[in-house]
Amino acid sequence: MTTTTYREAVRTALREALTRDSRTFLMGEDVGRYGGTYACSKGLIDEFGPERVRDAPLSESAFVGAGIGAAMAGMRPIVEIMTVNFSLLALDQIVNNAATLRHMSGGQFSVPLVIRMATGAGRQVAAQHSHSLECWYAHIPGIRVLAPGTLEDARGMLWTALQDPDPVVIFEHAALYNMEGELPDTAGPVDIERAAVRRPGRDVTLIAFGANLHKAMEAARLLAAEKIEAEVIDLRSLRPLDDATIMASVRKTRRAVVIDEAWRTGSLAAEVSARVMEQAFYDLDAPVGRVCTEEVPIPYPKHLEDAALPQPEKIVAAVKAQLGARA
Amino acid sequence: MAVTKRAAKPGAKSAPASAEELMAHYRHMLLIRRFEEKAGQMYGMGLIGGFCHLYLGQEAVVVGMQAALKPGDSVITSYRDHGHMLACDMDPKGVMAELTGRIGGYSKGKGGSMHMFSREKGFYGGHGIVGAQVPLGTGLAFAHKYKEDGGVSATYLGDGAVNQGQVYEAFNMAALWRLPAVYVIENNKYGMGTSVERASARTDLYQRGQAYGIPGEQVDGMDVLEVKAAGEKAIAHARGGKGPYILEMMTYRYRGHSMSDPAKYRPKDELARMREEHDPIDRLRAELMEWGVADEAALKAVDKEVKEIVTAAAEFAQNSPEPDPKELYTDVLVEA
Ligand SMILES: Cc1ncc(C[n+]2csc(CCOP(=O)(O)OP(=O)(O)O)c2C)c(N)n1
Ligand SMILES: [Mg+2]
């Protein structure tokens, strides 16, 4: 076991990818000499050179598009977009090109590209830098969407994603980079198919992903103190969703609360909730609950931002509302 | 009123300026300098959070440009916006209170360092997505032309921002429709940690409008009088119905990109050399003395006055109340 951080786990994964596959290069703003906005690629330019750890100009649409083109031509690019907020400038390339080329070419072309980006709020960076738009990408057929919420997944999802012949978008919540923990020295690639049960419980299922997994775990601890045992599911893959793991848990606990940092309307929480309703309606003792972000632009002051976002206390309250429904 | 000619520097473009104007430029630049130093301190004390991008070193650009603009003109810029707001004569108290996220801030505390606006002063923000303010500034120019109000828009963007595609979509429209738009590229040599040479195939950024027939000029952005002279020319061009104009201001940011950037990517003595040889405030101060516009005592009085304004702003920013929790839900759509 080694004590490490999420950031270092990402870096180790990047190093592994660059070492194992000469077709792989990392491209993005400030990934090279600066070492990455979140220092994920620090030092990699010295190890692999500026051709393979390539600083791109401030041109999201063009360098994401170029990554897609290079992937069509047989490369295995990792494109880093600094944050999801700036990915909106490349949304057209991802949605209209990366996601459709296999289909439109009758299977002649695939786009074996991995796009990584930071996501999420919680750092007082206000309305234009705090988006959680994972659900927009999860809406799109033709791409796979991942959300590593643990050190193992930060370390292991990248290589598996690179082996996928289709485009994969990986969301790294910015609040996770400093997260510390133990990682086995043998840690390596992990599956990207299944959701994971991070904590077993019998009274309610909490469904979350990314940084909000940890808020759900904290809520589960608070609930345990009151003798309520929550099962916590980490979605891991946001598209496709692993219905089987979700339903198995909900059938057992008969209650579910979905935690999602996106705005409630049209969120992944809405999708998960609808699926539970469709597939496990008769196993439920209460309507599915949702803890999402208030439907407002994210404000700068800390107390307002905290109030806008999902918090362990709000999750606890949502669970209690469910249990109240039973009584 | 004494009229001072710029010292006979070869090729100097500077227009003559009155003693009052020169002192006003000095005072304005110094206000921005002291304000930003204070903001940096307050960030260190945890009174300001999130991103905070200081304007230290670039003061001459906004002060010179603002001196060339008229009331009724419009200004828009990126997240490195404190200097622009002070140059637009926005109240330092309201700006500092926005930095601390208090109700007395220009956006009721909800925008923070990157997002402030003043309809009254013609300041249209305070924008966080690099380059995205350029189409907006083009729209401001469109409105001036449509309304025939004689106004001009000044749109500031960075040397990094010039590589965003939407900048060129906007340039083309501005030229096509002959909009009264002045684009001010603040070339401070770096976009975050990447130098201009490592980001741009050609580094003569003032040429970036050439494909659309937009005239461009490179300006010593560390010299407020050069900036003002160039600004006057560009603004006259735009106001006179000849369409957009590009000014590339050669400048330098003294601090890192934001408060979390130690700026280790810069050559060792670059900062020291810029500060010692090109500081815009030191330069004007020396010239004011040399030209007999002001003596030590007069300059000290300005120092004192500026310090008092900044201290008052910092006090206001700490004493203004935090926004009420209910404010979370206001200003999303218009309230009935
Ligand atoms: C579209 C977009 N991409 C990336 C960023 C992150 N970012 C913020 S400022 C910046 C550098 C911009 O440099 P420049 O335009 O030179 O302005 P300066 O900071 O020097 O004033 C970057 C990469 C962003 N805010 N928006
Ligand atoms: Mg710059």
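One table, with the values for the structure above:
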{"read-out": "Complete set of residues in the range B:160-213 that are among the basic types (Lys, Arg), touching a residue at least 40 places away in the same chain (Cβ under 8 Å) and out of contact with any strand residue (DSSP E or B) (no Cβ under 8 Å at 6 or more places or on another chain)", "value": "B:ARG178"}
{"read-out": "Options A:THR205, A:THR245; residue that is surrounded by fewer than 22 Cβ atoms within 10 Å (Cβ to Cβ), polar (S, T, N, Q) and more than 14 Å from chain B (Cβ to nearest Cβ)", "value": "A:THR245"}
{"read-out": "Pairs with Cβ under 7 Å, 6+ apart, first in the range B:56-80 and among the acidic types (Asp, Glu), second within 12 Å of ligand 1 (Cβ to nearest atom) and modelled with pLDDT of 95 or more", "value": "B:GLU59/B:GLY83"}
{"read-out": "Matching residues, the range B:218-243, being charged (D, E, K, R), assigned to a loop (DSSP other than H, G, I, E, B) and open to solvent by less than 20 Å² (accessible area, probe 1.4 Å)", "value": "B:ASP223"}
{"read-out": "Residue that is farthest from the other protein chains (Cβ to nearest Cβ) [pool: residues in the range B:90-125 that are of a type in the set (D, E, K, R) and under 16 Å from B:THR77 (Cα atoms)]", "value": "B:LYS121"}
{"read-out": "Top-ranked residue in the range A:98-136 [being open to solvent by 50 Å² or more (accessible area, probe 1.4 Å) and over 23 Å from A:ASP153 (Cβ atoms); ranked as nearest to the other protein chains (Cβ to nearest Cβ)]", "value": "A:GLN128"}
{"read-out": "Selection from the range B:79-104 of residues that are open to solvent by less than 10 Å² (accessible area, probe 1.4 Å), more than 28 Å from B:GLY150 (Cα to Cα) and of a type in the set (Gly, Ala, Ser)", "value": "B:GLY94, B:ALA97, B:GLY101"}
{"read-out": "Positions within the range A:271-327 being open to solvent by 70 Å² or more (accessible area, probe 1.4 Å), in a helix (DSSP H, G or I) and acidic (Asp, Glu), in sequence order", "value": "A:GLU271, A:GLU278, A:GLU313"}
{"read-out": "Sole residue being in a helix (DSSP H, G or I) and either more than 14 Å from chain A (Cβ to nearest Cβ) or under 16 Å from B:GLY125 (Cα atoms) (or both), chosen from B:HIS53, B:HIS84", "value": "B:HIS84"}
{"read-out": "B:GLN218 vs. criteria closer than 30 Å to A:GLY35 by Cβ, modelled with pLDDT of 95 or more and more than 12 Å from ligand 2 (Cβ to nearest atom)", "value": "no"}
{"read-out": "Scan of the range B:16-50 for residues that are within 14 Å of chain A (Cβ to nearest Cβ) and buried (at least 22 other Cβ atoms within 10 Å of the Cβ), ordered by number", "value": "B:ILE48, B:GLY50"}
{"read-out": "Condition check for B:ILE76: open to solvent by 10 Å² or more (accessible area, probe 1.4 Å) and within 15 Å of ligand 1 (Cβ to nearest atom)", "value": "no"}
{"read-out": "Any hit, the range A:145-155, residues being of a type in the set (A, V, I, L, M), part of a loop (DSSP other than H, G, I, E, B) and surrounded by fewer than 19 Cβ atoms within 10 Å (Cβ to Cβ)", "value": "no"}
{"read-out": "Given (1) in contact with a strand residue (DSSP E or B) (Cβ under 8 Å, 6 or more places away or on another chain); (2) in a helix (DSSP H, G or I); (3) within 14 Å of chain B (Cβ to nearest Cβ), index of the condition A:ALA17 fails", "value": "(3)"}
{"read-out": "Pairs, first in the same structural domain as A:ARG76 (by TED's automatic domain parsing) and at pLDDT 95 or above in the range A:157-168, second of a type outside the set (A, V, I, L, M) and open to solvent by less than 20 Å² (accessible area, probe 1.4 Å), C-beta under 6 Å, six or more apart", "value": "A:MET157/A:PRO148; A:PRO165/A:PRO112"}
{"read-out": "Failed item in (1) away from chain B (no Cβ under 14 Å); (2) under 24 Å from the mean Cα position of the chain (by Cα), with A:THR293 passing the rest", "value": "(1)"}
{"read-out": "The range A:49-85, residues that are within 11 Å of chain B (Cβ to nearest Cβ), part of a helix (DSSP H, G or I) and touching a residue at least 40 places away in the same chain (Cβ under 8 Å)", "value": "A:ASN85"}
{"read-out": "Residues (open to solvent by 10 Å² or more (accessible area, probe 1.4 Å) and closer than 23 Å to A:ARG7 by Cβ) located in the range A:64-82", "value": "A:ARG76, A:GLU80, A:MET82"}
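Matching residues to (1) more than 14 Å from chain A (Cβ to nearest Cβ); (2) β-branched (Val, Ile, Thr):
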| position | (1), (2) |
| --- | --- |
| B:ALA161 | no, no |
| B:TYR168 | no, no |
| B:ALA181 | yes, no |
| B:ILE185 | no, yes |
| B:ALA199 | no, no |
| B:PRO215 | yes, no |
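The values are calculated or read from the model by the stated rules, or taken from the named source; none is laboratory data. Everything numeric here is computed off the predicted structure, so don't read it as measured data. Positions of Cβ are backbone-derived with ideal geometry, glycine not excepted, and every protein chain shown enters the neighbour counts. The protein model used for the area step is the full one, side chains on, heavy atoms only, and it has no ligands, DNA or RNA in it. Shrake-Rupley method; radii C 1.70, N 1.55, O 1.52, S 1.80 Å.
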